[in-house]
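A short write-up of the structure that comes next.
The values are calculated or read from the model by the stated rules, or taken from the named source; none is laboratory data. In this text, all values refer to a predicted model and were calculated from it rather than measured experimentally. Neighbour counts are summed over all protein chains in view; Cβ atoms, including those assigned to glycine, are modelled from backbone coordinates with ideal geometry.
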């Protein structure tokens, strides 16, 4: 779209003026604190001065002095009303700024800086209908949301759709997750497409990463979904544009949101950086959520967990029959205790239900009652003696029916948290349900892990008892397919993980290359090398991190030492190298120690890893690398130690599907 000339970029917000055909028209400008990102809002008067003229409410985004996003339409369409947005003019602009730092109990950083410039733009159309657009510009992106005030014409609101568009300035390369419909678990491969090549019938999940040639990287997502429907994207009429699609209500499919005014929508977020790794480091999604509603968070603790589900009914060499019984659960509790893992997750089958078979996960279970094969008081006593806390799995329908009685009971039992599964929706009703569960769980000191879930929206800032969630095609898919490949793993940090933690469930130690891999439900294989698998514990963020494999597969394996000691929550994160679908090298700090993970796709590669982020003095690097024959013998690794400092640059060599994992600690530090 042709643009008007613009000059005099300001770091602070002001009403900008663009020259057009001899006149000046107001345009709202919000600039990031570092002056590198600008969002421009054009009302109807400004839009009419454009070429071609328009009556729409529009916005555009500039990065490093180059256009990133073109004039995208804004607005809302309510049932029985003309669209709210076209024809609207600004009547008031309230500017602001914030710079604060807050602590979070678990996450990719222990403290978060919330630093932005803002504007609240009040608008009105010729009929007197009102709409406000709130804008925030951070150094790592911009965000906006709609606010519909209570007014005579708009009191009981029935929202059909948003008019929100995202127009790329060039034919960007996208990494979309294509979904079959709104009721989805977000479990599929990411693709690579040009925006001009998207089909209009494709439904795209969030986050959506894009590389805009010569301009930068942008990821579209949303934050603070409250009393609203989840957002998706679909190809728009313009060749370089996509538009918002909202998940419809299950009881009224023509409506996305029904609510009384005033209505505040979620934030529409554009994460922005000059490299994809800068987006991985961002906390913008957290910052766009309200502060914690939990005053005492001392009971919210990150950690790794043993897990009985991944291996299936298998315990090689055991003197008991593996399955949902006390002997098997004690076996995993023993493993967690000996490995120093704080948690053991008891998966499906422990609660009383009329199941048609062990795979009948959807059977409604009374989660206040226990199946006869499980002696819960004995397991709780045994786990406590072993200094291990238990998590319990449940289908969401069982939680929905019984949580008012079950959550107080779980607190009485001393349960650490609940893994809730198979929601597979993010319509307005389900979004509200997520929040009700978190609030009730917090009241009873229960942590939550959502599976069969939609993407994160940063609610864990408000309810930090939400530790992690799935919403990803994770390691479990190797039990019946070969889909979670090394290439998939290199893509996840730049796509799904941008929104927040992901429960991918790493830890497979029966590692295999492509040629020898066989999918199987019992004692499944991992696809890629052992060193690749170790690196996932650094690369993939999850304050509740599974140690997925059977205890027997870790026994006697020196490589398990890395899993045993690697933290699940962090003080700092830095992406050192990488591109989606190719490779990534990521460093995380815990105290004075650094952990570095590198993985590659099916291409062997060598990457340089500069250690300039280290503090002063000497460090010891303990390095788990691909053995020279790891491309054919995927379980083979080499372990070396090396003295390093901030001037050191390491060469990391990875075989096809390979990886590398390091623990770097001050030279005087001893192993825990």
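For (1) surrounded by fewer than 24 Cβ atoms within 10 Å (Cβ to Cβ); (2) touching a strand residue (DSSP E or B) at 6+ places or on another chain (Cβ under 7 Å); (3) farther than 24 Å from residue 629 by Cβ, each residue gets a yes or a no:
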residue	(1), (2), (3)
528	no, yes, no
535	no, yes, no
543	no, yes, yes
546	no, yes, yes
550	no, no, yes
554	yes, no, no
558	yes, yes, no
566	yes, yes, yes
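Taking segment 239-275 only, how many residues are surrounded by fewer than 18 Cβ atoms within 10 Å (Cβ to Cβ) and either free of Cβ contacts under 8 Å to residues at least 24 places away in the same chain or part of a loop (DSSP other than H, G, I, E, B) (or both)?
Matching residues across segment 239-275 total 10.
Tell me whether segment 566-586 contains one or more residues that are touching a helix residue (DSSP H, G or I) at 6+ places or on another chain (Cβ under 8 Å) and farther than 30 Å from residue 218 by Cα.
Yes, there is a match, as at least one residue in segment 566-586 is touching a helix residue (DSSP H, G or I) at 6+ places or on another chain (Cβ under 8 Å) and farther than 30 Å from residue 218 by Cα.
For residues that are outside any strand (DSSP E or B) and either closer than 20 Å to residue 656 by Cα or free of Cβ contacts under 8 Å to residues at least 12 places away in the same chain (or both), tally how many sit in segment 574-598. Show your work before the answer.
Here is the first cut: in segment 574-598, the residues outside any strand (DSSP E or B) are 580-582, 591-592.
Filter again for either closer than 20 Å to residue 656 by Cα or free of Cβ contacts under 8 Å to residues at least 12 places away in the same chain (or both), leaving 580-582.
The qualifying residues number 3.
Working only within segment 135-158, note down all residues that are under 19 Å from residue 78 (Cβ atoms) and either in contact with a helix residue (DSSP H, G or I) (Cβ under 9 Å, 6 or more places away or on another chain) or free of Cβ contacts under 8 Å to residues at least 40 places away in the same chain (or both).
Of everything in segment 135-158, just one residue is under 19 Å from residue 78 (Cβ atoms) and either in contact with a helix residue (DSSP H, G or I) (Cβ under 9 Å, 6 or more places away or on another chain) or free of Cβ contacts under 8 Å to residues at least 40 places away in the same chain (or both), namely 152.
Please enumerate the residues belonging to segment 324-338 that are in contact (Cβ under 8 Å) with a residue 24 or more places away in the chain and either in contact with a strand residue (DSSP E or B) (Cβ under 7 Å, 6 or more places away or on another chain) or over 14 Å from residue 553 (Cα atoms) (or both).
Filtering segment 324-338 for residues in contact (Cβ under 8 Å) with a residue 24 or more places away in the chain gives 324-326, 329-337.
Selection gives 324, 325, 326, 329, 330, 332, 333, 334, 335, 336, 337.
May I ask you to list the residues in segment 276-291 that are in contact with a strand residue (DSSP E or B) (Cβ under 8 Å, 6 or more places away or on another chain) and part of a loop (DSSP other than H, G, I, E, B)? Write out each step before concluding.
Keep residues of segment 276-291 that are in contact with a strand residue (DSSP E or B) (Cβ under 8 Å, 6 or more places away or on another chain), which gives 276-289, 291.
Result: 281, 282, 283, 288, 289, 291.
Yes/no matrix, rows are residues, columns are (1) under 31 Å from the mean Cα position of the chain (by Cα); (2) in a loop (DSSP other than H, G, I, E, B); (3) within 18 Å of residue 134 (Cβ to Cβ); (4) modelled with pLDDT of 95 or more:
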position: 2; (1), (2), (3), (4): no, yes, no, no
position: 18; (1), (2), (3), (4): no, no, no, no
position: 29; (1), (2), (3), (4): yes, no, yes, yes
position: 41; (1), (2), (3), (4): yes, no, yes, yes
position: 47; (1), (2), (3), (4): no, no, no, no
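Of all strands (runs of 3 or more DSSP E) completely enclosed by segment 599-663, which ones contain at least 2 residues that are in contact (Cβ under 8 Å) with a residue 60 or more places away in the chain, crowded, with 18+ Cβ neighbours inside 10 Å and in contact with a strand residue (DSSP E or B) (Cβ under 7 Å, 6 or more places away or on another chain)? Break it down stepwise before answering.
On the way: elements: 605-610, 619-626, 637-644, 649-654.
Of the strands (runs of 3 or more DSSP E) lying wholly inside segment 599-663, those with at least 2 residues that are in contact (Cβ under 8 Å) with a residue 60 or more places away in the chain, crowded, with 18+ Cβ neighbours inside 10 Å and in contact with a strand residue (DSSP E or B) (Cβ under 7 Å, 6 or more places away or on another chain) span 619-626, 649-654.
For segment 464-477, give me each residue that is touching a strand residue (DSSP E or B) at 6+ places or on another chain (Cβ under 8 Å) and either more than 20 Å from residue 602 (Cβ to Cβ) or surrounded by fewer than 24 Cβ atoms within 10 Å (Cβ to Cβ) (or both).
So the first thing to find is which residues in segment 464-477 are touching a strand residue (DSSP E or B) at 6+ places or on another chain (Cβ under 8 Å), and the list is 465-471, 475.
Passing the criteria: 465, 466, 467, 468, 469, 470, 471.
Is it fair to say residue 209 is surrounded by 24 or more Cβ atoms within 10 Å (Cβ to Cβ), in contact (Cβ under 8 Å) with a residue 12 or more places away in the chain and over 17 Å from residue 288 (Cβ atoms)? If you could, list the steps in order and put the result at the bottom.
On the way: surrounded by 24 or more Cβ atoms within 10 Å (Cβ to Cβ): yes; in contact (Cβ under 8 Å) with a residue 12 or more places away in the chain: yes; over 17 Å from residue 288 (Cβ atoms): yes.
Spelling it out, residue 209 is indeed surrounded by 24 or more Cβ atoms within 10 Å (Cβ to Cβ), in contact (Cβ under 8 Å) with a residue 12 or more places away in the chain and over 17 Å from residue 288 (Cβ atoms).
For residues that are more than 18 Å from residue 403 (Cβ to Cβ), assigned to a loop (DSSP other than H, G, I, E, B) and in contact with a helix residue (DSSP H, G or I) (Cβ under 9 Å, 6 or more places away or on another chain), tally how many sit in segment 335-387. Don't jump to the end; show me each part of the working.
Kept after step one, since they are more than 18 Å from residue 403 (Cβ to Cβ), are these residues of segment 335-387: 335-345, 347, 349, 354-360, 371-375, 377-387.
Pick out the ones that are also assigned to a loop (DSSP other than H, G, I, E, B) and you get 340-342, 347, 349, 354-360, 371-375, 386-387.
Subsequent filtering for residues that are in contact with a helix residue (DSSP H, G or I) (Cβ under 9 Å, 6 or more places away or on another chain) retains 340-342, 373-375, 386-387.
Counting residues in segment 335-387 that are more than 18 Å from residue 403 (Cβ to Cβ), assigned to a loop (DSSP other than H, G, I, E, B) and in contact with a helix residue (DSSP H, G or I) (Cβ under 9 Å, 6 or more places away or on another chain) gives 8.
In segment 517-536, what count of residues is obtained for those that are in contact (Cβ under 8 Å) with a residue 60 or more places away in the chain and either over 17 Å from residue 601 (Cα atoms) or assigned by TED's automatic domain parsing to the domain that holds residue 451 (or both)?
Within segment 517-536, residues that are in contact (Cβ under 8 Å) with a residue 60 or more places away in the chain and either over 17 Å from residue 601 (Cα atoms) or assigned by TED's automatic domain parsing to the domain that holds residue 451 (or both) number 4.
Of all residues in segment 425-479, how many are free of Cβ contacts under 8 Å to residues at least 40 places away in the same chain and under 18 Å from residue 492 (Cβ atoms)?
Of the residues in that region, 2 qualify.
For (1) closer than 26 Å to residue 474 by Cα; (2) assigned to a loop (DSSP other than H, G, I, E, B); (3) at pLDDT below 95; (4) more than 20 Å from the chain's Cα centre (by Cα), each residue gets a yes or a no:
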position	(1), (2), (3), (4)
158	no, no, no, yes
178	yes, no, no, no
209	yes, no, no, no
234	yes, no, no, yes
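Among the residues of segment 106-149, write down those that are farther than 23 Å from residue 65 by Cα and in a loop (DSSP other than H, G, I, E, B).
106, 107, 108, 109, 110, 125, 126, 127, 128, 129, 149
Confirm whether residue 483 is surrounded by fewer than 24 Cβ atoms within 10 Å (Cβ to Cβ), touching a residue at least 40 places away in the same chain (Cβ under 8 Å) and in contact with a helix residue (DSSP H, G or I) (Cβ under 6 Å, 6 or more places away or on another chain).
Numbers: surrounded by fewer than 24 Cβ atoms within 10 Å (Cβ to Cβ): yes; touching a residue at least 40 places away in the same chain (Cβ under 8 Å): yes; in contact with a helix residue (DSSP H, G or I) (Cβ under 6 Å, 6 or more places away or on another chain): yes.
When the stated conditions are applied, residue 483 passes them.
Can residue 485 be described as touching a strand residue (DSSP E or B) at 6+ places or on another chain (Cβ under 7 Å) and within 20 Å of residue 391 (Cα to Cα)? Working first, answer last.
Numbers: touching a strand residue (DSSP E or B) at 6+ places or on another chain (Cβ under 7 Å): yes; within 20 Å of residue 391 (Cα to Cα): no.
Spelling it out, it is not the case that residue 485 is touching a strand residue (DSSP E or B) at 6+ places or on another chain (Cβ under 7 Å) and within 20 Å of residue 391 (Cα to Cα).
Picking from 460, 435, which residue would you name as being in contact with a strand residue (DSSP E or B) (Cβ under 6 Å, 6 or more places away or on another chain), assigned to a helix (DSSP H, G or I), within 28 Å of residue 209 (Cα to Cα) and not assigned by TED's automatic domain parsing to the domain that holds residue 654? Lay out the reasoning, then the answer.
On the way: 435 fails: in contact with a strand residue (DSSP E or B) (Cβ under 6 Å, 6 or more places away or on another chain).
Matching residue, one of 460, 435: 460.
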